[in-house]
Amino acid sequence: MSSTAPVFRFAPSPNGRLHLGHAYSALLNADFAARFEGRLLLRIEDIDMARCRPAFEAAIYEDLAWLGLRWEQPVRRQSEHFPFYREAAARLNRKNVLYPCFCTRKEVADAVAHREAAAAVPWPRDPDGAPLYPGTCRSLALHEVEGRVAAGEPHTLRIHMPAAQSCITRPLTYGRFSRDGEIETIPVNPARWGDTVIVRKDIPTSYHLSVVTDDAFQGITHVVRGQDLEAATDLHVLLQFLLDLPTALYHHHGLVLDPGGDKLSKSRQSEALTDLRARGITAAALRQRLGF
């Protein structure tokens, strides 16, 4: 296969068992890879050390093999590459687009509630529905920030959205591709995420930073993922620009819903693929059910 072949990836987190939604996304990635004569990679996104488990990772391999999927080796495990993400954060720091935030979740919630009460209007929300960070730590004096960091006070690193936007020298867009290969140019608006967390307190990265840097490192050319991550692409395109990384083409597929119309979720204990197998459902029947 040509080294210039399109590269796709399926990137689950081993923090629970895969469900039908994961199966659909994995099968769609494989379908696109076959359709475009491309490569399929598997990446294990296990930066959440508190929730990810080896047993769940082993189940991912078992479930995907049961579905009939094959992927290239080796599999990239994000937990093995924290220094890689730390260096990416350092590059952002050198551009002065990150700042330490010492706020707890409760302090952020209290600050938002206070401002909502004072203004008598709802505080702005990000695309996921979370209140935008009110900027409490953005204007702290440098000596205070340095002293608190030196003292080992826990902190995240947030993106300074106005500073980041001041670095932009061209319109930020990405290409949305379809099954027939047509590409539509989509403008992005990362400001709607506000000063979101780029480096967490407990680990030297976040989903946003690790996925952007991994996609570039692995040469991913086509990202196929659910519509629930479509808005995050705005932030990812911004990070790609700031880090001088290529922007892949994106396809955000519809979500598999439960009978009540809600998206399937590990946290809601949606029926897992292992449960379906236990009920005697075959991989062929499941593939047909999902349209493959």
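The values are calculated or read from the model by the stated rules, or taken from the named source; none is laboratory data. In this text the structure is predicted, and so the values were computed from the model without any measurement. A quick note on method: Cβ atoms are made from the backbone with ideal geometry, for glycine too, and the neighbour counts reach across all protein chains shown.
Just to be sure I understand, how many residues within region 42-59 are in a helix (DSSP H, G or I) and either closer than 18 Å to Y24 by Cβ or modelled with pLDDT under 95 (or both)?
1
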Exercise. V75 passes all but one of (1) aliphatic (A, V, I, L, M); (2) out of contact with any strand residue (DSSP E or B) (no Cβ under 9 Å at 6 or more places or on another chain); (3) under 30 Å from R176 (Cβ atoms); which number fails?
Worked result: (2)
For this session: Working carefully through the options A26, A88, A59, A11, find the one that is of a type outside the set (D, E, K, R) and more than 20 Å from the chain's Cα centre (by Cα).
Result: A59
Exercise. Does S265 satisfy being in contact with a His (Cβ under 7 Å, 6 or more places away or on another chain), more than 27 Å from A34 (Cα to Cα) and not hydrophobic (A, V, I, L, M, F, W, C)?
Worked result: no
For this session: Determine whether region 209-218 contains at least one residue that is within 26 Å of T104 (Cα to Cα), of a type in the set (F, W, Y) and not in a strand (DSSP E or B).
Result: no
Problem set entry | Options E62, E87: the member that is part of a helix (DSSP H, G or I), closer than 20 Å to F10 by Cα and out of contact with any Leu (no Cβ under 6 Å at 6 or more places or on another chain) | E62
Exercise. How many of the residues making up region 219-236 are farther than 15 Å from I198 by Cα and either part of a loop (DSSP other than H, G, I, E, B) or of a type in the set (A, V, I, L, M) (or both)?
Worked result: 8
For this session: Find the residue count for region 109-140, including only residues that are basic (K, R) and farther than 25 Å from L229 by Cβ.
Result: 2
Problem set entry | Single condition T282 does not satisfy, out of (1) among the hydroxyl-bearing types (S, T, Y); (2) modelled with pLDDT of 95 or more; (3) surrounded by 16 or more Cβ atoms within 10 Å (Cβ to Cβ) | (3)
Problem set entry | Single residue of region 114-157 satisfying the filter (of a type in the set (S, T, Y) and out of contact with any strand residue (DSSP E or B) (no Cβ under 7 Å at 6 or more places or on another chain)) that is surrounded by the most Cβ atoms within 10 Å (Cβ to Cβ) | T136
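Does region 74-83 contain any residue that is of a type in the set (F, W, Y), surrounded by 12 or more Cβ atoms within 10 Å (Cβ to Cβ) and assigned to a loop (DSSP other than H, G, I, E, B)?
Initial filter on region 74-83 (of a type in the set (F, W, Y)): 82.
Of the ones still in play, those that are also surrounded by 12 or more Cβ atoms within 10 Å (Cβ to Cβ) are 82.
Retained after the next criterion (residues that are assigned to a loop (DSSP other than H, G, I, E, B)): none.
The answer is no; no qualifying residue exists.
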Exercise. Any residue in region 173-191 that is under 30 Å from E153 (Cβ atoms), crowded, with 18+ Cβ neighbours inside 10 Å and not basic (K, R)?
Worked result: yes
Exercise. Quick one: what pairs do we get from region 237-266, first residue on the phi > 0 side of the Ramachandran plot and part of a loop (DSSP other than H, G, I, E, B), second of a type outside the set (G, A, S) and at pLDDT below 95, C-beta under 7 Å, 6+ apart or different chains?
Worked result: none
Problem set entry | Which numbered condition D214 misses (of (1) within 28 Å of P74 (Cβ to Cβ); (2) modelled with pLDDT under 95) | (2)
